[in-house]
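Peer 1: I'd like to ask you about the structure that follows.
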Amino acid sequence: MTTNKTRIFIDGQHGTTGLKIHERLKDRPDIELLELPVADRKDLAKRVAIAKAADIAVLCLPDAAAKELVAALGDAGTCVIDASTAHRVAEGWVYGFPELSKAHRQALLESKRISNPGCYPTGAIAILRPLVDAGIVRADSTPAVFGVSGYTGGGKELIEVHEKTPDVEPFGVYGLELTHKHAPEMRKYSHLQHTPLFVPSVGHYAQGMLVMVPITRDIVAKKVTAADVHQALADYYAGETFVPVRPLADHQWLERDRFLRADRLIDTNSMELAVYGNDAEENILAVASLDNLGKGASGAAVQVINLKTGVAETTGLAVA
């Protein structure tokens, strides 16, 4: 970067993700946050001007608004980190998951256009990519991905429903048209040939999520055990601070030795992976636990900002 402080503009800093990114950056001595007056926040020309003045522009916007700003920026040298779904599978954009592969950090360092991952895909891809690359899960299979998130994952509208509606549903499955916007990035970055069956749900609690992928006989390339799946994940993420792999069939993180809480990693940038199995029945379950507003959103963006600015990736981010 060209100055002692990295100049960052968060477009949409008052949304759920933007607020969390701002919170993590506002007191850092190496960061200068550029902000527009309230009256100018919908003025495209002024947003473009301040984005061009920034070293990094983080877009916490609806898809259409993100596309509009990126188009207006053209080939400007500002590094853009887009937290919307607008560019998650677009050509020329690098996916903002540093742990995606051993070469991926270098790809992020070389890119000026970075798409921030979705919360559910972060967990699904973290499980599936190593297993596809290891030849355990077939690239031509159709895995199922199940997940539950706190209601903050739905943004301001869903937050208002859950916090102001007396008889709001305690738990709800959604996306039943099976065309969820997160599915394309799961397919692309997991190295799958087909879109996985993705079934998301929301619980009546604020933050935290679980993503579950059954490793069933119909998707594997060969007979494997839970230990095989666990070893593949452990090898893939060896040395990664934010993606630890729990011991095989670990019960230490379970409530009363039985229940895995979805909200156990809130306000951290950690994503913990675990594997459970019944080898006699050839049934295996891989689970990712993370904060939908942490490693699943704002924390992921800050981790990439840290990488791009040359500071430790843990700067300003909590580790479980």
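The values are calculated or read from the model by the stated rules, or taken from the named source; none is laboratory data. The shown structure was predicted, so the numbers you read here are calculated from the model rather than taken from an experiment. Here Cβ is always computed from backbone atoms with ideal geometry, including for glycine, and neighbour counts include all displayed protein chains.
Peer 1: How many residues does region 23-40 contain that are aliphatic (A, V, I, L, M) and part of a loop (DSSP other than H, G, I, E, B)?
Peer 2: Quick first cut of region 23-40, residues aliphatic (A, V, I, L, M) only: 25, 31, 33-34, 36, 38-39.
Of the ones still in play, those that are also part of a loop (DSSP other than H, G, I, E, B) are 36.
Here the count works out to 1.
Peer 1: Tell me which residues, restricted to region 133-163, are modelled with pLDDT under 95 and among the basic types (Lys, Arg).
Peer 2: Result: LYS156, single match.
Peer 1: Which residues, counting only those in region 122-155, are more than 16 Å from the chain's Cα centre (by Cα), under 20 Å from VAL243 (Cβ atoms), of a type in the set (A, V, I, L, M) and not in a loop (DSSP other than H, G, I, E, B)?
Peer 2: If we filter region 122-155 for residues that are more than 16 Å from the chain's Cα centre (by Cα), which is where we start, we get 130-144.
Those left that are additionally under 20 Å from VAL243 (Cβ atoms): 130-134, 136-137, 143.
Checking the rest, the ones that are also of a type in the set (A, V, I, L, M) come to 131-132, 134, 136-137.
LEU131, VAL132, VAL137 - these are the residues of region 122-155 that are more than 16 Å from the chain's Cα centre (by Cα), under 20 Å from VAL243 (Cβ atoms), of a type in the set (A, V, I, L, M) and not in a loop (DSSP other than H, G, I, E, B).
Peer 1: Then there is this: Would region 169-180 turn up any residue that is out of contact with any helix residue (DSSP H, G or I) (no Cβ under 9 Å at 6 or more places or on another chain), loosely packed, with under 12 Cβ neighbours inside 10 Å, modelled with pLDDT under 95 and within 21 Å of SER115 (Cα to Cα)?
Peer 2: Checked against the condition, which is being out of contact with any helix residue (DSSP H, G or I) (no Cβ under 9 Å at 6 or more places or on another chain), loosely packed, with under 12 Cβ neighbours inside 10 Å, modelled with pLDDT under 95 and within 21 Å of SER115 (Cα to Cα), region 169-180 yields at least one hit.
Peer 1: In this structure, does LEU108 turn out to be more than 24 Å from ALA206 (Cβ to Cβ), in contact with a strand residue (DSSP E or B) (Cβ under 6 Å, 6 or more places away or on another chain), assigned by TED's automatic domain parsing to the domain that holds ARG264 and not in a loop (DSSP other than H, G, I, E, B)?
Peer 2: The answer is no for LEU108.
Peer 1: How many residues are touching a residue at least 60 places away in the same chain (Cβ under 8 Å), under 27 Å from ILE114 (Cα atoms) and out of contact with any Lys or Arg (no Cβ under 8 Å at 6 or more places or on another chain) when one looks only at region 189-222?
Peer 2: 9
Peer 1: Among the listed residues LYS20, LYS67, which satisfies the condition of being at pLDDT 95 or above, over 21 Å from TRP93 (Cβ atoms) and part of a helix (DSSP H, G or I)? Outline the logic, then answer.
Peer 2: On the way: LYS67 fails: over 21 Å from TRP93 (Cβ atoms).
Being at pLDDT 95 or above, over 21 Å from TRP93 (Cβ atoms) and part of a helix (DSSP H, G or I) holds for just one of LYS20, LYS67, which is LYS20.
Peer 1: Within region 225-281, restricting attention to residues that are among the acidic types (Asp, Glu) and out of contact with any Phe, Trp or Tyr (no Cβ under 9 Å at 6 or more places or on another chain), which residue is farthest from ILE215 (Cα to Cα)?
Peer 2: Residues of region 225-281 that are among the acidic types (Asp, Glu), as a first pass: 228, 235, 240, 250, 255, 257, 263, 267, 272, 279, 281.
Restricting the remaining residues to those that are out of contact with any Phe, Trp or Tyr (no Cβ under 9 Å at 6 or more places or on another chain) gives 228, 235, 240, 255, 257, 267, 279, 281.
Numbers: ASP228: 11, ASP235: 18, GLU240: 23, GLU255: 24, ASP257: 23, ASP267: 29, ASP279: 11, GLU281: 12 Å.
This residue is ASP267.
Peer 1: Being β-branched (Val, Ile, Thr), under 20 Å from ALA238 (Cα atoms) and surrounded by 16 or more Cβ atoms within 10 Å (Cβ to Cβ) is the filter here, so list the residues in region 260-317 that pass it. Don't jump to the end; show me each part of the working.
Peer 2: If we filter region 260-317 for residues that are β-branched (Val, Ile, Thr), which is where we start, we get 266, 268, 275, 284, 287, 302, 304-305, 309, 311, 314-315.
Still in the list and also under 20 Å from ALA238 (Cα atoms): 268, 275, 287, 304, 314.
Within region 260-317, THR268, VAL275, VAL287, VAL304 meet the criteria.
Peer 1: Of all residues in region 166-193, count the ones that are part of a loop (DSSP other than H, G, I, E, B), among the small types (Gly, Ala, Ser) and under 23 Å from GLY150 (Cβ atoms).
Peer 2: Taking region 166-193 first, the residues part of a loop (DSSP other than H, G, I, E, B) are 166-170, 174-182, 190-193.
Then drop every residue that is not among the small types (Gly, Ala, Ser), which leaves 175, 190.
Add one more test, that the residue is under 23 Å from GLY150 (Cβ atoms), and what stays is 175.
Of the residues in that region, 1 qualify.
Peer 1: Within the bounds of region 236-249, is there any residue that is out of contact with any His (no Cβ under 9 Å at 6 or more places or on another chain), modelled with pLDDT under 95 and in the same structural domain as ASP167 (by TED's automatic domain parsing)?
Peer 2: No - not one qualifying residue is present in region 236-249.
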